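Here's the structure, in structure tokens; my notes come after.
Only the coordinates and a few stated rules stand behind these numbers; no lab work does. Predicted model, so just to flag it, every value in this text is computed and none were measured. Don't worry about glycine lacking a Cβ; one is built from the backbone with ideal geometry, like all the others, and counts go over all protein chains shown.
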Amino acid sequence: MILITGATGTVGRQVLDRLPADLDVRALTRTPPRVVTTHHRTEVVQGDYGDRASLDRALRGVRSAFLVTTRVAGDDDARFLAAARAAGVQHIVKLSAAAVQDPQADDLITSWQRANERLVRSSGMAWTLLRPRSFMSNTLSWAPAIRSDGVVRALYGSSANACVDPRDVADAAVQALTGTGHHSRSYTLTGPEPVTAIQQTRLLARALGVALRFEELSADEAVAAWTRRHPEPVAAALLHSARRQLEGAKAAVDPTLVTVTGQPARSFATWSIDHAAAFSAGSPSARSE
């Protein structure tokens with residue numbers, strides 16, 4: 001049995017659909033009706049990291065687990081790992097972040113991810129760490145402004161990021177969960193080339209067949225936008241991360257993904273074409289992939 005946490009999220013739902021059809025899979029989520037998957041041997045269970053009894057139920061009989069946590073500075077990883085160890089889980093595949101390798105990245109989010117990695121490595125279970133660069137799907141947040149105004153607004157439009165397609169991260173997760181040779185390994189996952197927000201705007205315009213313009217946000221404007229969605233400490237961490245990107249810290253391309261999955265990393269141009277409908281007029285609100 002394989003357990004997938006974050007089963008309705010950016011990567012978790014992609015992992016569900018990509019797991020071999022002959023495997024028994026369990027999906028842990030707070031909202032079972034939101035789990036939609038093509039994997040027909042998936043058991044959906046309701047649970048929460050703060051509810052130990054629900055974790056015990058979800059982990060019963062599980063051999064490997066895909067662990068995703070999003071509550072920055074929270075203790076969800078510690079809670080899950082304690083329950084997994086007690087349940088006899090053998091292997092944890094943890095979704096982390098590429099920034100943990102950057103010694104200059106000391107923001108709240110990255111520090112939290114480093115602490116989570118230490119917990120996984122010291123858990124007593126076998127582990128694999130997935131460290132993706134920023135997701136290409138983060139650009140879905142631009143969809144409302146593209147549909148209404150034909151404009152992309154972002155901070156530091158000329159700074160480059162070797163962003164990765166979440167589908168590629170999911171493919172790597174499936175390999176780690178089902179294959180051999182992945183224990184005690186850490187994988188940095190990037191796209192095939194660094195791209196800037198200005199370049200992404202051009203590629204989206206080409207995929208949509210419309211004219212788009214890019215408008216640079218000031219740091220204050222970006223922080224104000226982030227603060228509407230996140231607590232202030234998280235917004236501050238995002239600004240620190242953006243400044244690290246401006247300094248070139250996120251532009252490096254890593255070849256690990258093709259080694260793990262056997263397939264070349266998808267480009268942002270490909271991602272744009274495949275997701276053009278999310279940016280088109282009449283599309284429902286963008287959903288994170």
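Relative contact order, percent, of the chain when contacts are C-alpha pairs under 8 Å separated by at least 6 residues?
19
Can you tell me how much longer the chain between D22 and R60 gets when fully stretched, taken as 0.36 nm per residue apart minus their C-alpha distance, in nm with one decimal?
Difference between extended and current length: 11.8 nm.
Hey, can you rank 83-95, 16-28, 245-257 by average C-beta count inside 10 Å, highest first? Present the calculation step by step, with values, prior to reporting the outcome.
Details: 83-95: 20.2, 16-28: 18.4, 245-257: 16.8.
Order by mean packing, descending: 83-95, 16-28, 245-257.
Could you calculate the FRET efficiency of Q90 with R213 from 1/(1 + (r/R0)^6), where r is the beta carbon distance between them and R0 is 35 Å, rounded to 0.05?
After rounding, the FRET efficiency stands at 0.10.
Measure nothing fancy, just the Cα-based angle from helix 166-178's long axis to the longest principal axis of the chain, in degrees from 0 to 90, nearest 10.
Tilt of helix 166-178: around 20 degrees.
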